[in-house]
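Just below is one structure, and these are the notes that go with it.
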Amino acid sequence: MSEELIQQTQKAIVAGDEEQAVEFTRRALKADLSAFSILQGGLMKGAEIVGDKFETGEYFLPRLMMTGRALKAAMEVIEPQLKEEYASGEAQQDDTGVVVLATVKSDIHDIGKNIVSSMLSASGFEVHDLGVDVPIKEIVKKAQEVDAEIIACSALLTTSMPFMRDLMNLLEVMGERDRFRVMVGGASVSEDFARDIGADGTADHALGAVKLARSFIRDLRSNQGAAQ
Amino acid sequence: MIIDYFDVLDRANQGPYIAEDDWDLEKVAMTTQKLVEKYKLEWDPDQIVTADPGLADVIFEAGLELAVEIGGYSRSTERILEFDRQELEAGMELMPRELVLGTGKDARTLFAREIGDERPPLIWAGNPGAPHPEHLFLPSVMSWAQEPIVDLITCGSLAEVDGREVRTGSPIEIVATRRELLYLRQILKRVGRPGMGMLAAQSSVSELGDLAVAHPDYLRPSDAHLVPMLNELKIDNRNIARAVNSLEYGMHNAALYCVLVGGLGGDAPGSAVVNVASFIIGNLTNHSDYQLLHPIHMRHVATSTRSVMWVESIVQQAFARNAPCIIVSDIYPKSGAMTRELLYETAANAIVITASGGHLEGVGSADGLKPNATGLECRLMGEVGRAVARQGLSLEEANEITVKLVERYEHVFEDPAGNPGVRFDQAYDLETLKPRKEWFRLYKEVKKELIEMGLTRLK
């Protein structure tokens with residue numbers, strides 16, 4: 001029964017069916033399944049399937065967005081119990097965290113940023129998507145406010161990319177550089193550019209961005225562990 | 001009823017509110033999916049140039065239905081711009097069928113081409129949007145402007161002026177765009193065609209540079225500039241400002257539609273439906289004088305993928321049959337200068353567009369991301385387009401050659417590094433402005449292959 005409920009949750013996420021995802025998640029909780037097992041076996045697994053199929057071209061953007069919405073709704077259902085499980089040590093923190101994401105000032109392109117946003121959300125990250133044409137001060141302010149671990153910036157236009165350099169400079173002068181991992185992306189953003197401005201990394205597709213974000217979180221947590 | 005810009009602004013201010021995320025998913029994606037299912041729209045990757053008039057008609061009908069059902073979206077006001085079917089149809093009736101670009105003996109007349117039209121397409125050479133260091137801008141554009149086959153020119157953008165980087169929204173955008181136009185006017189004189197028409201003001205992403213060059217010393221009333229529609233079916237006041245500015249000045253509005261194939265419309269058929277709807281809505285909101293068709297592959301960017309070329313072909317056919325208008329189609333191959341694949345991709349794109357009823361614009365080599373474009377692929381684009389028209393290539397024949405070409409370059413999409421080739425100055429001699437020997441040899445070889453594949457009228 002419990003395995004069946006997990007499977008149904010997973011299927012609802014794959015289908016991008018928000019109502020069903022919430023319904024099966026509730027049922028799974030009522031059946032005394034741990035929030036962590038629902039998260040890992042149902043929600044995350046379903047999101048992973050959709051992410052993989054999107055990357056191979058089998059699924060298209062609408063499905064990814066619907067899955068993101070279904071996942072977000074289901075996460076709200078399990079969140080209170082999940083927090084308790086983390087606090088009690090019943091469940092281990094995974095490699096997801098808090099991301100502040102934006103297309104930088106002067107650039108109004110949002111599709112690439114939206115895909116990364118959906119993929120990160122669908123992978124369990126708490127994503128604060130600030131939209132497009134966002135001044136760098138606002139990005140930093142939001143990251144401080146929500147205690148983000150990652151700042152992710154997008155720019156399609158080469159003439160908007162200099163604002164990414166400004167972001168790195170601002171973090172330096174504010175003494176906040178070490179607080180955040182910074183990833184940059186967009187059609188013209190290369191590894192060389194990312195390195196040149198002092199960002200922590202870039203990825204050339206959405207799945208790569210998720211992998212990079214996970215590696216940042218693991219890195220941050222292992223640093224915190226070592227410090228303790 | 002004629003929709004003027006006051007109507008557009010009023011509707012953008014007074015239409016129903018909807019959050020942008022909901023517009024994307026609930027309006028564009030869901031409605032398109034519903035229409036794809038309703039009309040049972042499918043595509044075959046081996047039928048890139050579809051010889052199915054019924055399919056073209058039904059794609060048109062679905063696109064019109066999408067436009068009627070959801071309208072357009074103003075990102076500035078977060079409101080829906082609603083139009084009824086009668087308004088949209090009346091707008092299409094008024095779409096120009098002929099448009100003169102340029103002046104004097106260098107002027108050319110764009111016209112609404114038909115499917116299999118034996119009148120050759122106009123050749124609009126250049127790589128809009130590709131960033132260039134200042135020292136390479138003039139020789140790059142010269143390399144295609146000097147080609148006799150070229151009818152009209154366009155260009156990449158200046159990424160720097162006087163050693164300073166150009167930033168969107170900064171005053172340097174004004175300087176860069178004016179500098180771009182000064183170079184272009186100089187180039188036209190140097191190639192002996194001072195009246196040749198242009199699509200320019202590419203160095204300014206914001207409206208700043210665009211507005212700053214609306215002057216006879218820079219962009220003339222006989223030239224064109226871009227008025228883009230945002231993905232998908234969206235406009236904003238900054239882009240409407242470009243269109244409005246040119247109304248009194250007289251510049252021609254090139255409404256640019258970069259529908260993402262694999263994006264909100266889903267697979268190719270849905271993306272074609274979104275593209276048709278974009279033309280219909282943008283005709284009114286962007287005050288377009290002609291339609292600039294530039295679908296983009298969600299993953300590979302290039303216009304030379306099977307699905308993007310299918311969309312280019314079916315959208316052109318849909319309008320040629322149902323609402324004739326001037327369509328100029330962009331060619332942005334994955335590959336860059338000095339690669340054989342660039343020439344294959346250019347030829348395939350040119351065949352598809354010409355046979356399906358479009359004019360040719362390009363070549364935005366290396367996805368238009370690098371200054372890796374030259375005049376030689378523009379020459380090939382023009383020669384192929386003219387050969388297709390001269391030969392009266394049928395849609396079936398066009399498909400046969402296109403599929404053969406795709407098989408020769410499709411591997412480039414699997415390479416994570418792409419196939420960017422080399423920068424302009426490594427492919428051309430900067431003193432003589434002639435292609436380097438190796439580059440010219442590749443061009444000659446590919447032309448021979450094209451003739452053997454069935455493009456027999458290629459000269």
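Remarks
- Cα-Cα pairs of the stretch B:304-391 separated by more than 14 Å (percent): 59
- When each of A:113/B:334; A:105/B:434; B:40/B:448; A:113/B:189 is checked by Cα-Cα distance, pairs over 32 Å: A:105/B:434; B:40/B:448; A:113/B:189
- 222 nm mean residue ellipticity, helices alone, for the protein assembly as shown (DSSP H n ≥ 4; -39,500 (n - 2.57); rounded to 500): -15500 deg cm²/dmol
- Peptide A:109-116 has a mean of 4 when you count, residue by residue, the C-beta atoms of other protein chains within 10 Å of its C-beta.
- Rounded D (µm²/s) - the stretch A:84-228, Kirkwood Rh over Cα pairs, Stokes-Einstein at 20 °C, 1.002 mPa s: 141
- Net charge over other residues, Cβ less than 11 angstrom from the Cβ of residue B:203 (K, R count +1; D, E count -1): -3
- Dimensions (Å) - chain B, Cα atoms, principal axes, largest first: 59, 49, 43
- Cα centroid separation, the stretch B:122-176 to the stretch B:59-90 (Å): 34
- For the stretch A:1-98, the number of Lys pairs with C-alpha atoms closer than 16 Å, counting only pairs eight or more positions apart or on separate chains, is 6.
- Normalised by residue number, the volume inside the convex hull of the Cα atoms of the stretch B:1-90 is 125 Å³ per residue.
- Ranking of B:143, A:215, B:278, A:222 by count of other Cβ atoms within 10 Å, fewest first: A:222, A:215, B:143, B:278
- Listed by Cβ neighbour count within 10 Å, with the fewest neighbours leading, B:43, B:310 appear as B:43, B:310.
- Take the Cα radius of gyration of the protein assembly as shown and divide it by 2.2 N^0.38 Å, N being the number of residues; the result is 0.96.
- Axial C-alpha extent at least 27 Å, average Kyte-Doolittle at least -0.5 - helices from chain A (DSSP): A:61-88, A:206-227
- Exercise: per-residue mean of other protein chain Cβ atoms within 10 Å, B:260-267: 4
- For the peptides A:35-47, A:166-178, B:19-31, B:296-308, residues were scored by their other Cβ atoms within 10 Å and the scores averaged per peptide; the highest-first order is B:296-308, A:35-47, B:19-31, A:166-178.
- Expected-Rg normalisation [2.2 N^0.38 Å, Cα atoms] applied to the stretch B:49-192: 1.41
- Computed from the Kirkwood radius of its Cα pairs, the Stokes-Einstein diffusion coefficient for the stretch B:402-449 at 20 °C and 1.002 mPa s stands at 169 µm²/s.
- Aspartates and glutamates with Cα under 18 Å of residue A:137, excluding same-chain neighbours fewer than 8 positions away: A:107, A:129, A:145, A:147, A:149, A:166, A:172, A:176, A:178
- Per-residue average of Cβ from other chains inside 10 Å of A:56-66: 5
- Calculated translational diffusion coefficient of the stretch A:46-130 (4 °C, 1.567 mPa s; Stokes-Einstein with Kirkwood radius over alpha-carbon pairs) equals 92 µm²/s.
- Legend: ranking of residues B:68, A:50, B:412 from fewest to most surrounding C-beta atoms inside 10 Å; resulting order B:68, B:412, A:50.
- Taking a ≥ b ≥ c as the square roots of the eigenvalues of the Cα gyration tensor, the stretch A:117-172 is oblate, since a/c reaches 1.5 or more and a/b is not larger than b/c.
- Rg to Rh, two decimals, where the stretch B:125-273 supplies the alpha carbon set and Rh follows Kirkwood: 0.99
Values quoted throughout were computed directly from the atomic coordinates according to the rules given, and no laboratory measurement underlies them. Treat the numbers as computed from the prediction; the structure is a model and nothing was measured. Note that each Cβ is placed from the backbone with ideal geometry, even for glycine, and that neighbours are counted across all protein chains shown.
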